[in-house]
């Protein structure tokens, strides 16, 4: 473990900004109805000190766990800091979990209390909170939580601020980040304060960030990327963080923030692209971009309409980005850096280098990260000082995740070129064998499927079938269009042609028998997607496997 300078650890960064920039705006928080609330570094530190004093007065053992169940907001980050200042360990929960998962995480982590924050589905989650667990509410919590639990503002009013600068050692456990559960029950990944500080050091060397930057926080803070990039990026640099209010106000929130650094998952980059196509068909866009004087004006207008005209670093990750999508954004003047990482390594493994054409790869490793490919099965393995301390209360699973010589088994397959630039080629366990005994890697075929503008998400499956199948979900626009018989026939023809083109480029055993259009949207709520919009393959199998044989033998190329 590399030793981090104490002044780079999370709490020490808070004390630094409290002392040097107390009047600078740290957070811009929408309060609903178009009203926003700015909070300065001095005010952030004051509220954190008061809440820390309150938490400490509960008399829990040092190192006790305290949970946060909320959508992103300024109180989320202040709660995290207060938990640390009080000598405890934070346990964030995704704000979209089912009650059973909420219960499983709160009991497994042995949380002493839980902050119940800004939530859309509190009624459904509430039964998951263990009976008798003390809870606290935020100003934007659901009315029922505000009525039932002690409130942030009253606690801060009634409690004096904790005096002095309490420090937490770099080796101390800071948080348990529960994985998003693509492969079964979430595991509690343990990370120390040093892990975060080291990750920021390495991250800033590849993608420089500073006090003048602005970020919009909207992907769940319970997810490792948002936690490292937004929360710890903010603590390190002193930049201003804007929060999104809701899905409906997202476009306005983006315009308000005009972020200079923006990270998004592939699903949302696709949605932005579909929004542009909705207003301007690709053929017209191509024409305008080909006219020298006009092209610059068109690019600026498009990026301004997206709220990304000030964006100097754009990044994507959490799932593979289709090459065609990356190329489309480059064409409109926004180069997206594609990153690769996991909860277990604080999302800090590889990312493409700005200004270098590494599209279609995830770039070289960050400085200080070692990588290698297992010659047996092609698995990517890595190690760095940001590697987890292990899975909480799961020594057996921790051992399984590591090689004997201390490298993390990522579960992803990949290849390194001569420049040590990494390309991901699929998941070690996602490979499936067709009835002909041939292995199929779904990820590269899924990337090809995603190039059709109507397809928002897809899965290639078919263990033990003669040929694999593609199951696709249409974008909302196309779902409503498909209700019209004429439009549906046209779309069916376009999808059948797309299938034909893809199959022509595949090996015989990889060719898709047909495309199946899912009628049920895939959402986080029906548990087909993780909170970061990754598809749970095991859930797809549960829902559709019984129909595979019928689809395969139907003789149709597109099945609705």
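Quick notes
- Selection status of residue 171, farther than 19 Å from residue 221 by Cβ and assigned to a helix (DSSP H, G or I): no
- Boolean, residue 535 is surrounded by 12 or more Cβ atoms within 10 Å (Cβ to Cβ), closer than 19 Å to residue 440 by Cα, within 32 Å of the chain's Cα centre (by Cα) and in the same structural domain as residue 449 (by TED's automatic domain parsing): yes
- Every residue from the stretch 121-137 that is out of contact with any helix residue (DSSP H, G or I) (no Cβ under 9 Å at 6 or more places or on another chain) and surrounded by fewer than 15 Cβ atoms within 10 Å (Cβ to Cβ): 131, 132, 134
- Among the candidates 425, 410, residue that is touching a residue at least 40 places away in the same chain (Cβ under 8 Å), within 25 Å of residue 389 (Cα to Cα) and assigned to a strand (DSSP E or B): 410
- Within the stretch 38-126, strands (runs of 3 or more DSSP E) holding 1 or more residues that are over 22 Å from residue 144 (Cβ atoms): 65-69, 89-93
- A residue that is touching a residue at least 40 places away in the same chain (Cβ under 8 Å) and either touching a strand residue (DSSP E or B) at 6+ places or on another chain (Cβ under 7 Å) or not assigned by TED's automatic domain parsing to the domain that holds residue 210 (or both) cannot be found anywhere in the stretch 291-305.
- The condition of being part of a loop (DSSP other than H, G, I, E, B), crowded, with 18+ Cβ neighbours inside 10 Å and either in contact with a strand residue (DSSP E or B) (Cβ under 8 Å, 6 or more places away or on another chain) or free of Cβ contacts under 8 Å to residues at least 60 places away in the same chain (or both) holds for residue 140.
- Verdict on residue 49 being in contact (Cβ under 8 Å) with a residue 40 or more places away in the chain, surrounded by 15 or more Cβ atoms within 10 Å (Cβ to Cβ), farther than 28 Å from residue 246 by Cβ and within 26 Å of the chain's Cα centre (by Cα): no
- Residue pairs meeting the criteria (Cβ under 7 Å; at least 6 apart or on separate chains; first outside the structural domain of residue 232 (by TED's automatic domain parsing), in the stretch 348-362; second at pLDDT below 90 and crowded, with 16+ Cβ neighbours inside 10 Å): 359/323; 360/323
- Top-ranked residue of the stretch 325-334 - restricted to ones that are out of contact with any strand residue (DSSP E or B) (no Cβ under 6 Å at 6 or more places or on another chain) and surrounded by 16 or more Cβ atoms within 10 Å (Cβ to Cβ), ranked as farthest from residue 299 (Cα to Cα): 325
- The sole residue among 125, 190 that is touching a residue at least 60 places away in the same chain (Cβ under 8 Å) and either within 22 Å of the chain's Cα centre (by Cα) or more than 30 Å from residue 7 (Cβ to Cβ) (or both) is 190.
A quick yes/no check of all residues on (1) more than 15 Å from residue 236 (Cα to Cα); (2) more than 21 Å from the chain's Cα centre (by Cα); (3) in the same structural domain as residue 212 (by TED's automatic domain parsing):
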residue: 14; (1), (2), (3): no, yes, yes
residue: 28; (1), (2), (3): yes, yes, yes
residue: 40; (1), (2), (3): yes, yes, yes
residue: 58; (1), (2), (3): yes, yes, yes
residue: 64; (1), (2), (3): yes, yes, yes
residue: 69; (1), (2), (3): yes, no, yes
residue: 74; (1), (2), (3): yes, no, yes
residue: 86; (1), (2), (3): yes, yes, yes
residue: 90; (1), (2), (3): yes, no, yes
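- Just one of the numbered conditions (1) surrounded by 12 or more Cβ atoms within 10 Å (Cβ to Cβ); (2) within 33 Å of the chain's Cα centre (by Cα) is not true of residue 483: (1).
The values are calculated or read from the model by the stated rules, or taken from the named source; none is laboratory data. The structure presented is a predicted model; accordingly, all values stated were derived computationally and were not measured. No Cβ is skipped: glycine too gets one built from the backbone with ideal geometry, and neighbour counts run over all protein chains shown.
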